[in-house]
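The values are calculated or read from the model by the stated rules, or taken from the named source; none is laboratory data. Quick caveat, the model's predicted, so the values are computed rather than measured. So basically every Cβ, Gly included, is an ideal-geometry build from the backbone, and we count neighbours across all protein chains shown.
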Amino acid sequence: MIIASQNFRDEEYLEPRQIFESHGMEVVTASSKTGELAGMMGATATAGSEIGDVNVSDFDAVVFVGGTGAAEYFDNARAHAIATEAHESGKVLAAICIAPSILANAGVLQGRQATAYSSEQQNLESHGATYTGKSVTRDGSIITANGPGAATGFGNAIVHALSG
(Lines give C-alpha, C1' and ligand atoms only; values in the text may rest on other atoms or scores of the structure.)
Protein backbone atom coordinates (compact mmCIF):
# COMPACT_ATOMS: atom_id res chain seq x y z
CA MET A 1 0.00 0.00 0.00
CA ILE A 2 1.42 3.35 -1.04
CA ILE A 3 0.32 6.29 1.07
CA ALA A 4 1.14 9.97 1.19
CA SER A 5 3.78 11.18 3.62
CA GLN A 6 1.08 13.36 5.16
CA ASN A 7 -2.70 13.69 4.81
CA PHE A 8 -3.51 10.20 3.56
CA ARG A 9 -7.22 9.43 4.08
CA ASP A 10 -7.49 7.31 7.23
CA GLU A 11 -10.37 5.02 6.20
CA GLU A 12 -8.93 4.42 2.74
CA TYR A 13 -5.80 3.00 4.34
CA LEU A 14 -7.09 1.39 7.54
CA GLU A 15 -10.21 -0.39 6.24
CA PRO A 16 -8.61 -2.14 3.23
CA ARG A 17 -5.54 -2.98 5.31
CA GLN A 18 -7.73 -4.64 7.96
CA ILE A 19 -9.55 -6.59 5.25
CA PHE A 20 -6.26 -7.74 3.68
CA GLU A 21 -4.83 -8.83 7.02
CA SER A 22 -8.05 -10.63 7.99
CA HIS A 23 -7.55 -12.71 4.82
CA GLY A 24 -3.99 -13.60 5.85
CA MET A 25 -2.31 -11.17 3.49
CA GLU A 26 0.93 -9.46 4.40
CA VAL A 27 0.75 -5.69 3.95
CA VAL A 28 3.78 -3.50 3.31
CA THR A 29 3.28 0.25 3.62
CA ALA A 30 5.45 2.50 1.47
CA SER A 31 5.60 6.28 1.16
CA SER A 32 7.93 9.03 0.04
CA LYS A 33 9.55 8.74 3.48
CA THR A 34 9.76 6.05 6.12
CA GLY A 35 8.51 6.27 9.69
CA GLU A 36 5.30 7.56 11.19
CA LEU A 37 2.89 9.31 8.85
CA ALA A 38 -0.20 11.38 9.67
CA GLY A 39 -3.64 10.84 8.21
CA MET A 40 -6.17 13.57 7.50
CA MET A 41 -8.46 12.52 10.35
CA GLY A 42 -5.82 11.86 13.03
CA ALA A 43 -4.77 8.26 12.32
CA THR A 44 -1.13 7.36 12.03
CA ALA A 45 0.59 4.76 9.92
CA THR A 46 4.16 3.55 9.71
CA ALA A 47 5.85 3.34 6.35
CA GLY A 48 8.49 0.63 6.41
CA SER A 49 9.90 1.48 3.00
CA GLU A 50 10.23 4.35 0.58
CA ILE A 51 8.59 4.10 -2.83
CA GLY A 52 12.03 4.27 -4.39
CA ASP A 53 12.76 0.90 -2.82
CA VAL A 54 9.53 -0.83 -3.90
CA ASN A 55 10.20 -3.85 -6.10
CA VAL A 56 6.88 -4.55 -7.82
CA SER A 57 7.82 -8.17 -8.50
CA ASP A 58 7.78 -8.80 -4.73
CA PHE A 59 4.03 -8.10 -4.49
CA ASP A 60 0.74 -9.48 -5.77
CA ALA A 61 -0.94 -6.08 -5.71
CA VAL A 62 -0.11 -2.39 -5.54
CA VAL A 63 -2.65 -0.12 -3.83
CA PHE A 64 -2.49 3.68 -3.94
CA VAL A 65 -4.36 5.27 -1.03
CA GLY A 66 -6.15 8.61 -1.41
CA GLY A 67 -6.53 11.71 0.70
CA THR A 68 -5.34 15.19 -0.18
CA GLY A 69 -1.73 14.14 0.33
CA ALA A 70 -1.93 11.65 -2.54
CA ALA A 71 -1.42 14.59 -4.91
CA GLU A 72 2.29 14.30 -4.09
CA TYR A 73 2.33 11.33 -6.47
CA PHE A 74 0.37 12.89 -9.35
CA ASP A 75 3.58 13.77 -11.20
CA ASN A 76 5.99 11.48 -9.36
CA ALA A 77 8.07 9.48 -11.84
CA ARG A 78 8.67 6.62 -9.38
CA ALA A 79 4.96 6.29 -8.55
CA HIS A 80 4.20 6.23 -12.28
CA ALA A 81 6.88 3.57 -12.87
CA ILE A 82 5.41 1.41 -10.09
CA ALA A 83 1.92 1.73 -11.56
CA THR A 84 3.14 0.97 -15.06
CA GLU A 85 5.19 -2.04 -13.99
CA ALA A 86 2.34 -3.46 -11.90
CA HIS A 87 -0.06 -3.04 -14.81
CA GLU A 88 2.27 -4.48 -17.44
CA SER A 89 3.03 -7.51 -15.28
CA GLY A 90 -0.66 -8.24 -14.68
CA LYS A 91 -0.61 -7.44 -10.96
CA VAL A 92 -3.70 -6.11 -9.26
CA LEU A 93 -3.36 -2.33 -9.43
CA ALA A 94 -5.73 -0.31 -7.29
CA ALA A 95 -6.33 3.33 -6.32
CA ILE A 96 -8.98 5.14 -4.30
CA CYS A 97 -10.27 8.72 -3.96
CA ILE A 98 -7.97 11.11 -5.85
CA ALA A 99 -5.28 8.44 -6.29
CA PRO A 100 -6.72 7.11 -9.59
CA SER A 101 -5.24 10.28 -11.10
CA ILE A 102 -1.82 8.77 -10.35
CA LEU A 103 -2.80 5.82 -12.56
CA ALA A 104 -4.24 8.12 -15.22
CA ASN A 105 -1.11 10.28 -15.26
CA ALA A 106 1.00 7.12 -15.55
CA GLY A 107 -0.96 6.21 -18.69
CA VAL A 108 -2.44 2.94 -17.43
CA LEU A 109 -6.12 3.98 -17.56
CA GLN A 110 -6.16 4.61 -21.32
CA GLY A 111 -9.17 2.73 -22.71
CA ARG A 112 -10.21 1.53 -19.24
CA GLN A 113 -13.27 2.08 -17.08
CA ALA A 114 -12.41 3.79 -13.80
CA THR A 115 -13.84 5.86 -11.00
CA ALA A 116 -12.38 8.39 -8.58
CA TYR A 117 -13.38 11.27 -6.36
CA SER A 118 -15.47 13.56 -8.59
CA SER A 119 -12.75 16.24 -8.68
CA GLU A 120 -10.62 13.82 -10.74
CA GLN A 121 -13.20 12.98 -13.43
CA GLN A 122 -11.82 15.43 -16.00
CA ASN A 123 -8.24 14.25 -15.47
CA LEU A 124 -9.17 10.59 -15.87
CA GLU A 125 -11.14 11.32 -19.04
CA SER A 126 -8.36 13.51 -20.48
CA HIS A 127 -6.04 10.50 -20.10
CA GLY A 128 -8.39 8.18 -22.00
CA ALA A 129 -10.38 6.56 -19.18
CA THR A 130 -14.12 6.12 -19.18
CA TYR A 131 -15.27 7.62 -15.87
CA THR A 132 -18.04 5.47 -14.33
CA GLY A 133 -18.90 7.51 -11.25
CA LYS A 134 -19.49 4.27 -9.34
CA SER A 135 -18.20 3.72 -5.82
CA VAL A 136 -15.93 0.87 -6.99
CA THR A 137 -15.01 -0.04 -10.56
CA ARG A 138 -13.00 -3.05 -11.68
CA ASP A 139 -11.66 -3.29 -15.22
CA GLY A 140 -9.50 -6.38 -15.50
CA SER A 141 -6.74 -6.16 -12.90
CA ILE A 142 -7.33 -2.43 -12.28
CA ILE A 143 -9.60 -1.49 -9.37
CA THR A 144 -10.57 2.09 -8.58
CA ALA A 145 -12.85 3.61 -5.96
CA ASN A 146 -14.30 7.06 -5.34
CA GLY A 147 -13.58 7.84 -1.71
CA PRO A 148 -13.74 6.94 1.99
CA GLY A 149 -17.29 5.60 1.80
CA ALA A 150 -16.08 3.01 -0.69
CA ALA A 151 -13.07 1.87 1.37
CA THR A 152 -14.59 -1.43 2.53
CA GLY A 153 -15.94 -2.31 -0.91
CA PHE A 154 -12.58 -1.35 -2.39
CA GLY A 155 -10.70 -3.66 0.00
CA ASN A 156 -13.11 -6.51 -0.69
CA ALA A 157 -12.81 -6.02 -4.46
CA ILE A 158 -9.02 -6.29 -4.20
CA VAL A 159 -9.26 -9.48 -2.12
CA HIS A 160 -11.71 -10.91 -4.66
CA ALA A 161 -9.38 -10.03 -7.55
CA LEU A 162 -6.42 -11.64 -5.77
CA SER A 163 -8.34 -14.82 -5.00
CA GLY A 164 -9.35 -15.26 -8.62
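Do we find that residue 3 is modelled with pLDDT of 95 or more and either surrounded by fewer than 20 Cβ atoms within 10 Å (Cβ to Cβ) or within 19 Å of residue 137 (Cβ to Cβ) (or both) in this structure? So residue 3 fails the test. Checking each residue in the stretch 34-64 for being part of a strand (DSSP E or B) and in contact (Cβ under 8 Å) with a residue 24 or more places away in the chain picks out 37, 38, 39, 45, 47, 61, 62, 63, 64. Among the residues of the stretch 6-26, the ones that are buried (at least 22 other Cβ atoms within 10 Å of the Cβ) and farther than 18 Å from residue 59 by Cβ come to 4 in all. Taking every residue in the stretch 100-115 that is touching a residue at least 12 places away in the same chain (Cβ under 8 Å) and within 14 Å of residue 66 (Cα to Cα) and pairing it with any residue that is among the aromatic types (Phe, Trp, Tyr) and surrounded by fewer than 24 Cβ atoms within 10 Å (Cβ to Cβ), at least 6 positions away or on another chain, the pairs with Cβ-Cβ distances below 7 Å are 101/74; 102/74; 115/131. Counting the residues of the stretch 136-164 that are part of a loop (DSSP other than H, G, I, E, B) and either under 18 Å from residue 17 (Cα atoms) or over 14 Å from the mean Cα position of the chain (by Cα) (or both) gives 5.
Mind listing whichever residues of the stretch 111-125 are within 21 Å of residue 151 (Cα to Cα) and touching a Pro at 6+ places or on another chain (Cβ under 9 Å)? Residues satisfying the conditions are 114, 115, 116, 117, 120, 124. It is to be established whether one or more residues within the stretch 90-102 are under 21 Å from residue 80 (Cβ atoms) and out of contact with any helix residue (DSSP H, G or I) (no Cβ under 8 Å at 6 or more places or on another chain). There is at least one residue in the stretch 90-102 that is under 21 Å from residue 80 (Cβ atoms) and out of contact with any helix residue (DSSP H, G or I) (no Cβ under 8 Å at 6 or more places or on another chain).
Yes/no matrix, rows are residues, columns are (1) surrounded by 24 or more Cβ atoms within 10 Å (Cβ to Cβ); (2) among the polar types (S, T, N, Q); (3) out of contact with any Ser or Thr (no Cβ under 8 Å at 6 or more places or on another chain):
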{"site": "107", "(1), (2), (3)": "no, no, no"}
{"site": "115", "(1), (2), (3)": "yes, yes, no"}
{"site": "119", "(1), (2), (3)": "no, yes, yes"}
{"site": "122", "(1), (2), (3)": "no, yes, yes"}
{"site": "127", "(1), (2), (3)": "no, no, yes"}
{"site": "130", "(1), (2), (3)": "no, yes, yes"}
{"site": "139", "(1), (2), (3)": "no, no, yes"}
{"site": "145", "(1), (2), (3)": "yes, no, no"}
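Whenever a residue of the stretch 139-151 is closer than 14 Å to residue 9 by Cβ and at pLDDT 95 or above, its partners that are surrounded by fewer than 24 Cβ atoms within 10 Å (Cβ to Cβ) and hydrophobic (A, V, I, L, M, F, W, C), lying with C-beta atoms within less than 6 angstrom and at least six residues away or across chains, give the pairs 145/136; 150/136. Residue selection: residue 164 satisfies the criterion of being without any contact (Cβ under 8 Å) to a residue 12 or more places away in the chain, small (Gly, Ala, Ser) and surrounded by fewer than 19 Cβ atoms within 10 Å (Cβ to Cβ).
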